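Before any comments, here is the structure.
The values are calculated or read from the model by the stated rules, or taken from the named source; none is laboratory data. None of these values were measured; they are calculated from a predicted model. Note that each Cβ is placed from the backbone with ideal geometry, even for glycine, and that neighbours are counted across all protein chains shown. Accessible surface is based on the protein model in full, side chains and every heavy atom, while ligands, DNA and RNA are left aside. Shrake-Rupley method; radii C 1.70, N 1.55, O 1.52, S 1.80 Å.
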Amino acid sequence: GLYKSGKIVQAKVELQRVLRKAESRLASLYLGLCLAREGRLDDALESWKSYFNPDEPEIMREINLIRAHLESGQTLEPQATADQVEAAADRSKA
């Protein structure tokens, strides 16, 4: 809802509230997207580390590729990175 309508800050606040109450793979995925959209790729990766869903291999693959690039010291452009993860989520309807 909020994320898809471009309300990144409001979405981030709501997702953080959800995650304070319970673990949620979907909330972790979208919180990471919000953080990446804010240019906070390291924080996004921390959120994405909580997203483990073997039923969504395409999303997992994107997150693991990003993680490998960042851990090897490469610089990634946050918006493009968010676009990649979002496209994988859209393809899987997450």
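Taken together, LEU76, LEU2 contain a single residue that is outside any helix (DSSP H, G or I) and at pLDDT 95 or above, which is LEU76. In the set VAL9, VAL85, VAL13, VAL18, only one residue is on the phi < 0 side of the Ramachandran plot, aliphatic (A, V, I, L, M) and touching a residue at least 40 places away in the same chain (Cβ under 8 Å); that residue is VAL85.
Residues in segment 22-40 that are farther than 16 Å from ALA89 by Cα and at pLDDT below 95 were compared, and the one that is nearest to the chain's Cα centre (by Cα) is GLU23. Within the option set ARG17, ARG40, being out of contact with any helix residue (DSSP H, G or I) (no Cβ under 6 Å at 6 or more places or on another chain), under 18 Å from GLU77 (Cα atoms) and not acidic (Asp, Glu) holds for one residue only, ARG40.
Of all residues in segment 79-94, none satisfies the criterion of being assigned to a loop (DSSP other than H, G, I, E, B), open to solvent by less than 40 Å² (accessible area, probe 1.4 Å) and farther than 15 Å from ALA27 by Cβ. All but one of (1) modelled with pLDDT of 95 or more; (2) more than 17 Å from LEU2 (Cβ to Cβ); (3) in contact with a Lys or Arg (Cβ under 9 Å, 6 or more places away or on another chain) hold for ASN53, so report the exception by its number. All conditions pass for ASN53, except number (1).
For every residue, the table says whether it meets (1) in a helix (DSSP H, G or I); (2) in contact with a Ser or Thr (Cβ under 8 Å, 6 or more places away or on another chain); (3) of a type in the set (Lys, Arg); (4) open to solvent by 80 Å² or more (accessible area, probe 1.4 Å).
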| position | (1), (2), (3), (4) |
| --- | --- |
| ARG17 | yes, no, yes, yes |
| ALA27 | yes, no, no, no |
| GLU46 | yes, no, no, yes |
| ILE59 | yes, yes, no, no |
| HIS69 | yes, no, no, no |
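State whether one or more residues within segment 48-57 are of a type in the set (Ser, Thr, Tyr), part of a helix (DSSP H, G or I) and out of contact with any Cys (no Cβ under 7 Å at 6 or more places or on another chain). Within segment 48-57, not a single residue is of a type in the set (Ser, Thr, Tyr), part of a helix (DSSP H, G or I) and out of contact with any Cys (no Cβ under 7 Å at 6 or more places or on another chain). Could you pull out the residue among LYS7, LYS21 that is surrounded by 11 or more Cβ atoms within 10 Å (Cβ to Cβ) and among the basic types (Lys, Arg)? So the residue among LYS7, LYS21 that is surrounded by 11 or more Cβ atoms within 10 Å (Cβ to Cβ) and among the basic types (Lys, Arg) is LYS7.
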